[in-house]
Structures are given as structure tokens and as C-alpha cells.
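**Student:** Sharing a structure with you now.
The values are calculated or read from the model by the stated rules, or taken from the named source; none is laboratory data. All values derive from a computational prediction rather than experimental measurement. Virtual Cβ from ideal backbone geometry, glycine too; neighbours counted across all protein chains shown. Ligands, DNA and RNA are excluded from the accessible area calculation, which covers all protein heavy atoms including side chains. Shrake-Rupley method; radii C 1.70, N 1.55, O 1.52, S 1.80 Å.
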Amino acid sequence: MVSEKIEYIRFDDLKTGILMGDKPYILVEGDFSSLREVRTPVGQIELLDELADQLRYDSKAAQTTEEKWKAIEKCSAQIKSFFIDFSHLNKDVSHLEIYLNPSELALIPFELLLDEKGLPRFIDKEGKSLVLTRNFRKKRPSQVILPKAPRVLYVHTKPSHKNFLGLPFPDVPFKNHLQSLRYALRHWEVDKQLTISENPTFEEFKLLVSQASESKNPFTHIHVLAHGSLIFDPKRPSDFEYGIAFRSDEPLETPYRATPTKDIKALFSTLPNLPHMVNYMVCDGANFTNGAKPDKNPVQATFEAGVPVVLGSQFPLSMKGSNLITKELYKNLFRGDDIRTILGSIRTQLFSNFPKDQHDWISLVSYLDLPNDYDFQRLLLKLEFQLAILNSIRNQVGVDDAEEVPDKDDFIRAQMEIERSIADLREQLVEIEHEKAHEAAFLENSGLLGSAYKRLAETFYEESRILKVDTVDKQKTYLREAKVWYKKAAHRNLSHHWSIVQYISLSTVLDGGLPDGESDYWNTARLAVHTEIELDKAKEKKSVWPYGTLLELYLLSPAQTQSSKKDIEKCMELLVSNAKASGKTQAIDSTRFQLQRYLKWWGDNDFKIPKDFFVGNKEFLESIIEKLTFKV
């Protein structure tokens, strides 16, 4: 994704300020090659008077959809003169990153901008999208590392007290959000990856977050579903803000006071391990009405504390809107998709799928501080997530419990998910195939794509086994696709022994062995494995995965000598002992799953494993699998 930076510059204290009409700023585009003076088209009072009634769902002033859109069109026309000239924007740019260090500019709803046709500027149109995110210029560059596995804290609250209007707080759609989170995490161990805090006080929330942050397994994502509530002190009328409505243990007759931003800021500013993302599904959680006071916005305060991704709502957010955001955000984020693309899609859906009198597409605000190597980090992360997805699907379709036997629809869903993973992986490979700097990622990606095709073939095998249908042709088609990608990885780097062995494996299964002229692959793979093992020894490191590769390689040998059997058993012993010593027992599971494929799937007459190969010796193969199972 091609990004363009936009920044507003002024002098004086940047943390406080009132939005005044005709106030000068310097607008910077890109790499400071374009600078020009712009002036605010409208002051704070005028802007708030214009939008306050129209962009609130409970306002009596918002009489008609037509009136709301007149207000939106007027505001867009005013902001347009203060923003960049879109006619000069490079056509390749699909992400605008706007830096809003002058605090008063956060009040301007840039997300509301319309194009020449009167449609929202920042939604998908004709297959093209332009995404807007916010940021601040910081003293030090952020060191952001994308989390390899999600650990989510889901907090939902509804105080028993009455709100600042003297009315009961409405219910929140906590069940819908929980369903979306569980669905997004379905390929992980949901109970381990998801923690639910039901109606906590702020102190309980604070303790939970702090304790997790100090542990070895801090929360990576925090999802807060709550009401925003105005905090107003008659003795200090200028000191007002929207806080978050956590539960209060004060007597019900005591006036309710929401949690102020300073408490939110104090929490996140002191955490030793910050979450990667905090998502405030809180009405007015990103409202910056009081620009004269710093730290009057939970979303901005959390972002300034160092959380790289913070989402919120600058105006009221409908329950249906919060449900859609939650569903689309996490299901795509936990596939490894680009957060910017996800946000653009969500804004598009909030506009396109909702009535025109809804304004959730304007309310959604995103503050992002992504690392310079975000695209590459996300590429590696997507490999991790795709592997988790493929492993999960394999486990689902391989169930033998009569009460959980998949039906036709289950297989179709699994196959569609794998096909989507294949499409994702292919897209990434196209981007990096010819980039030498990304060779390691290409090797992993090619191997994983081969595995994805193999898993797809496996779902058709399980379908034929359970539903008694003939899918052999489809199995072979996808296994041949897998073989192509394993070979590509092998050709790219002959030290990538795992890909070579998988190519040898499928050549044996589909064709009875390697084709003429490729017999050297077996010795090449063995040399590559032994080289890695020796390098590990030099680092005083116990090899794990290489012994799994070597075990399979020896099993793909036609020489059934006593010496060869001892080599196989030695590899098995070292695999198990080293895996247990280093806490990598998944290597044992992975090897066992692969050997079971030879035994249960590829061992019938539809495939061509030579009988004089170790993998064609059913009795010997069963003994190895049994020992691996026992050893775990």
C-alpha cells in the first residue's frame, strides 16, 4: 500500500488550542517538498453548532436525512479548502496519513470529506480505495513489533447508575461483540486467547490490564464496549469532557461520574508492555470538543501513551455500527490482513450498508503509528496466522468422533477458507517473488502455499472417507499444485531442506519417485539438514525441526537395511528429546501428522508409493508413529 503523509504545522503549545476561523497553518505533503499556507475555514463554535445536532442519533434537531446531508455537504466544502488538492494526488496513493500535532485540529472531522460526486471521499469506489488515518509527530520513532498471536481482553460495561441526563444507561450489544470475537479467534484456542471482563469498575479493569502487562503473556488487543458519558463540574464549567462509563460501586443515589481521560492516560503510560491495539467502541470516545484542555479524549490519550493502533468514535456510534466494526475488524485482522485495508472496507460498509440518515462512517476514527517495515512484518505475520488457520482446519475435518463428524457444508466451508488462504498467499508471493531482500519470506511463503494446497487436497480426502464420495481427482490436482510450490522454494534455495523433502514426498506419492535427472535432490536435502544441525551445534543449540525433516527423508528411501532403520530410529529419538528439552513439542505433532498421511491417506492403490520404500512398509511406519505418540 502506497502512503502519503500530510502534516499541519503551527507555533506555540501544540497540546492545547481553540479552533478559530481564518487561523494560519503550514500544510505539508509528502517529504516536505510541498508546503503551503492554509487557513481554517470555520471556528470551533460554528463547527460544533452545525454538526452537534445533525451527527447525534438522539437529537430532535436532526429532523430529516436531507437536513443531515446538507450539514455534511456544507462541512465538507469548508474542510476542502483546508486540505490537500486531490487532483494533484498520485494515483498510486491509497493511504493518507494525517499528522495532527496541533490538538485543536483533531476536532475537524476530516473523515467526513466528500468527493466531486457527493460521495464519501474515503470509501471504496470501483475497486479503488483511499484510506485516511491519523497520527502525531513524536519525539522518538516508535519501535512497533506486530504480535505473533492474539491475546484479547474484551471489556463490556453498563453502570447501574443513571447517566448525566438522569436516564438509565441503555444495554450494550455485548453478546454480538463476543460472538464476533470468538469467531475471529476460532482458529486459536479461544479460551486461552480471549479474556472477558464483564461490567468491571475502572479499578478492576486497571488491575487486570496491569497484571497482564507485567506477565509473560500481556494482552495484545483490548476491546472496550461501553457508553461515553459527559463529565461536567458546575464549579469548573470549562473543565468538561466525555469519559468512559465503567461500573461504579458508589451508592445509586450518588451522582455518577465516568472515568476521565487522565485516568486512562495514567494507566497506559505506566504499562511495561503495551497492547498493540485498543479499540474503544464508546460513543464520543474520540470526541475532542474541549480543545482548550489537553488529555480530554481517551482515544488520543491512549495513542499518545504509545499504543500503536487506537480506534474510536468522534461522534455517537449506533449499536449496529459497533457490531459491524467489531465483526469485520477482528475476523480480517486475525487473518493477517492490512489494518488500513480493513478500516477502509469497514468505512465503506458503514456507508453503503446502512440508511443514509446514519453517520457511523463519519464517527469511526483511527490513530495508527505503523513501523516503517510494516508491510514486511505483516507478511511474516500472515504466514503465522495462515499456518494457525490451516492447522485448525486440518484438526476440524479430521475428527473421528461420531458426534462431531463434519457434513457436506462443513467441508465446503473448510475448503473455501483454505482457498482464501491460497489466494492471500499467492498475492503476497507476486509482490516479493523477485525481491532478493525478501528471499526468506519467499521461501516460507512458497512452502506454506504448498502446504495450503496439500491441506486442501486433504479436506477432499477426508470428505471422501467420511461421506463416501469420490474425490481422488481433486486430491491429486491439488497435491500436484503443492508439489509445484515446494519445488519453486527448493530451486530458490537448495539449503531450504524442508521444501526439498516435501517435493520428494509428493513426487513419491504421485509418481512413484523423483523424475529422471533429479535423484540428487535426496542427497542435497540430507546435506542441507546435516549442515543446519552442525551450525546449531556450533551455537550450542539443540536442533529440533531438522530431525523431523531427516526422519521423513530416510523414510523416503528404498534401502531397507538394518543400518537405515537405525538412522530412522535415531532421528526419532533426537527429535523427541530435543523437542521436549526446548519446549517445541509441536515438531513431534507435525511429524506424526505427516507420517499418518502416508499410512492412512497415501497408502492405498490410488497413489504410487513403492512397496520397498520405508513409507510403503505399513508395519514399520505404524511402529514409528506409535513411538512418536507414546513419546509425547
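**Student:** I'd like the carbon and sulfur percentage of the solvent accessible area for the chain, probe radius 1.4 Å, heavy atoms only, ligands and nucleic acids excluded.
**Tutor:** 51 percent
**Student:** Next question, about the same structure. Could you report the chain's accessible area per residue, 1.4 Å probe, as an integer in Å²?
**Tutor:** Averaged over the residues of the chain, the accessible area is 47 Å².
**Student:** With everything on Cα atoms, drop me the angle between helix 439-467 and the longest principal axis of the chain, reported from 0 to 90° to the nearest 10.
**Tutor:** Here the helix axis deviates by roughly 70 degrees.
**Student:** In degrees from 0 to 90, rounded to the nearest 10, what is the angle of the helix 520-538 Cα long axis to the longest principal axis of the chain?
**Tutor:** 60 degrees
**Student:** Measuring from the lowest to the highest alpha carbon on each principal axis, how far does segment 477-532 reach, largest first, in angstroms?
**Tutor:** 34, 19, 15
**Student:** Here are some pairs, Lys68/Lys162; Lys15/Lys139; Lys5/Lys139; which of them have Cα atoms lying more than 21 Å apart in this structure?
**Tutor:** Pairs exceeding the cut-off: Lys68/Lys162.
**Student:** What is the pair-distance distribution P(r) of segment 508-632, computed from all Cα-Cα distances in 5 Å bins starting at 0, with each bin given as a whole percent?
**Tutor:** Binned Cα distances yield the sequence 2, 11, 20, 23, 21, 14, 7, 3, 0, 0.
**Student:** For segment 356-396, would you read off the P(r) tail past 14 Å as a percentage of all alpha carbon pairs? All intermediate terms of the calculation are to be shown ahead of the outcome.
**Tutor:** Working: 563 of 820 pairs.
Of the Cα pairs, 69 percent sit more than 14 Å apart.
**Student:** Pop a pseudo-label 7 angstrom from the Cα along the beta-carbon direction at both Asn199 and Ser582 and give the gap in nm to one decimal.
**Tutor:** The two pseudo-label positions are separated by 5.0 nm.
**Student:** Can I ask one more? Roughly what would the spin-label model give for Lys566 and Asn493, points 7 Å off Cα along C-beta, in nm?
**Tutor:** Going by the 7 Å Cα→Cβ label model, 3.5 nm.
**Student:** Can I ask one more? Per-residue ellipticity at 222 nm for the chain, helices alone: DSSP H runs ≥ 4 residues times -39500 (n - 2.57), over residue total, nearest 500 deg cm²/dmol? Walk me through the numbers before you get to the answer.
**Tutor:** Numbers: 20 runs with 292 residues, N = 632.
So the calculated ellipticity at 222 nm is -15000 deg cm²/dmol.
**Student:** Calculate, for Asp473 and Asp92, the FRET efficiency according to 1/(1 + (r/R0)^6) with r their C-beta to C-beta distance and R0 45 Å; round to the nearest 0.05. If you can, show how the numbers build up before the last one.
**Tutor:** Details: r = 43 Å, r/R0 = 0.95.
So, using R0 = 45 Å, E works out to roughly 0.60.
**Student:** Give Lys542/Lys580; Lys487/Lys539; Lys320/Lys356; Lys70/Lys356; Lys331/Lys356 a once-over and call out the pairs whose C-alpha atoms are over 18 Å from each other.
**Tutor:** Violating the 18 Å limit, Cα to Cα: Lys487/Lys539; Lys331/Lys356.
**Student:** Let me know the Kirkwood hydrodynamic radius for segment 93-245, please, with Cα pairs as the basis and the value in Å to one decimal.
**Tutor:** 19.5 Å
**Student:** Could you let me know the centre-to-centre spacing of segment 213-274 and segment 412-449, using Cα atoms, in angstrom?
**Tutor:** About 42 Å separates the Cα centre of segment 213-274 from the one of segment 412-449.
**Student:** Please tell me the relative contact order of the chain in percent, rounded to the nearest whole number, where contacts are Cα pairs under 8 Å and at least six residues apart.
**Tutor:** Numbers: 1051 pairs, mean separation 59.5, N = 632.
Answer for the chain is 9 percent.
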